[in-house]
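The next block holds one structure in the form of structure tokens; read it before the comments.
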Amino acid sequence: MHSHQTYREAARAKGVPEHAIDLALSLALPQAELSPAHADTGVPVGRYGGLPALPEGVEWDSGLDLVATVDCAALPADACDLALPRDGHLLFFASRTDPDGFALLDDSRSVIHVPAGTPTTERPVPDDEEHFPALESRPLYARTFPCLPDTADDAVLPHPEVRRLFDEYRLQDHDQRLPQWDDTLHLGGYAYSPQDPPIMGSSPEDEKGGWALLAQAQLDMPDDPDFTACVFWIIQRDELAAGNFAAAGLVSISYH
């Protein structure tokens, strides 16, 4: 959404009662949208696509393409709802092949944190059949927007009264801002998904604090040009607090 106030005004115009609007806004989370489209108003925070700069001994995982490199020091501390590193760079990798439905890749090295001051070398695209040409390199600029869950999100589903209000008043539909997707990375917030979003919540059996959404993007699929890959980088909250990005998982779905 553009702001809490614009959401409130739009929902009021549709006859949504104040208590339901207050509930929806209480669930809003800040999400950083990193996009070339924000060059005039955003903060420069990194690069979309291009080639990865990696330390010696850190391998470029087979089959994954570099999606974005984020300069953690340039990212405003309140840009999203996550406690991300305050220095160095975060590199996000993903597959641009059809996952044939829902796929979760854990221990994939899909997220790499390179601490500040670490010597790195820009790596060429591996000369194999598993990699496509690098995505076009474009500068990323960050803006932060509040975002809401939808009815299939785990912020809503486990709570009967919350679910009832979302269903009755279609609370997610009054968020009238359309997110950017072209050459864009979203950090934190809630998942945008053409299908049910990946489940992020914790359960009593979960010893690592539940899953958090690190980032998401939508990518063209060179082998299937009529399809789009929706990729979500997720991590358990205790692993995030420890800075263990090797524990991040990559969730991928595709849609027509």
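Hey, can you tell me all the residues within segment 24-53 that are in contact with a Ser or Thr (Cβ under 6 Å, 6 or more places away or on another chain) and open to solvent by less than 20 Å² (accessible area, probe 1.4 Å)?
Filtering segment 24-53 for residues in contact with a Ser or Thr (Cβ under 6 Å, 6 or more places away or on another chain) gives 30, 32, 35, 46-47, 49-50, 53.
Correct list: Ala32, Ser35, Gly49, Gly50.
Would you call Arg12 at pLDDT below 95 and either closer than 14 Å to His186 by Cα or of a type outside the set (S, T, N, Q) (or both)?
So Arg12 fails the test.
Working only within segment 181-207, note down all residues that are more than 12 Å from the chain's Cα centre (by Cα) and either of a type in the set (D, E, K, R) or modelled with pLDDT of 90 or more (or both).
Of everything in segment 181-207, those that are more than 12 Å from the chain's Cα centre (by Cα) and either of a type in the set (D, E, K, R) or modelled with pLDDT of 90 or more (or both) turn out to be Asp182, Asp183, Asp196, Glu205, Asp206, Glu207.
Ala83: under 18 Å from the mean Cα position of the chain (by Cα), under 20 Å from Glu239 (Cβ atoms) and either polar (S, T, N, Q) or surrounded by fewer than 19 Cβ atoms within 10 Å (Cβ to Cβ) (or both), yes or no?
Values: under 18 Å from the mean Cα position of the chain (by Cα): yes; under 20 Å from Glu239 (Cβ atoms): yes; either polar (S, T, N, Q) or surrounded by fewer than 19 Cβ atoms within 10 Å (Cβ to Cβ) (or both): yes.
So Ala83 passes the test.
Restrict the check to segment 2-9 and report whether at least one residue is open to solvent by less than 80 Å² (accessible area, probe 1.4 Å) and either among the acidic types (Asp, Glu) or under 17 Å from the mean Cα position of the chain (by Cα) (or both).
No, every residue in segment 2-9 fails to be open to solvent by less than 80 Å² (accessible area, probe 1.4 Å) and either among the acidic types (Asp, Glu) or under 17 Å from the mean Cα position of the chain (by Cα) (or both).
Among the candidates Ala229, Ala215, single out the residue that is at pLDDT below 90, in contact with a Leu (Cβ under 8 Å, 6 or more places away or on another chain) and closer than 24 Å to Thr144 by Cα.
Result: Ala229 is the single residue among Ala229, Ala215 that is at pLDDT below 90, in contact with a Leu (Cβ under 8 Å, 6 or more places away or on another chain) and closer than 24 Å to Thr144 by Cα.
Can you name the condition, by its number, that Arg138 falls short on among (1) touching a helix residue (DSSP H, G or I) at 6+ places or on another chain (Cβ under 7 Å); (2) within 21 Å of Tyr192 (Cβ to Cβ); (3) at pLDDT below 95; (4) open to solvent by 60 Å² or more (accessible area, probe 1.4 Å)?
Against the list (1) touching a helix residue (DSSP H, G or I) at 6+ places or on another chain (Cβ under 7 Å); (2) within 21 Å of Tyr192 (Cβ to Cβ); (3) at pLDDT below 95; (4) open to solvent by 60 Å² or more (accessible area, probe 1.4 Å), Arg138 comes up short only on (3).
The values are calculated or read from the model by the stated rules, or taken from the named source; none is laboratory data. The structure presented is a predicted model; accordingly, all values stated were derived computationally and were not measured. Using ideal geometry, Cβ is built from the backbone for each residue, glycine included, and neighbour counts are taken over all protein chains shown. Areas reflect the complete protein model, heavy atoms only, side chains present, ligands, DNA and RNA absent. Shrake-Rupley method; radii C 1.70, N 1.55, O 1.52, S 1.80 Å.
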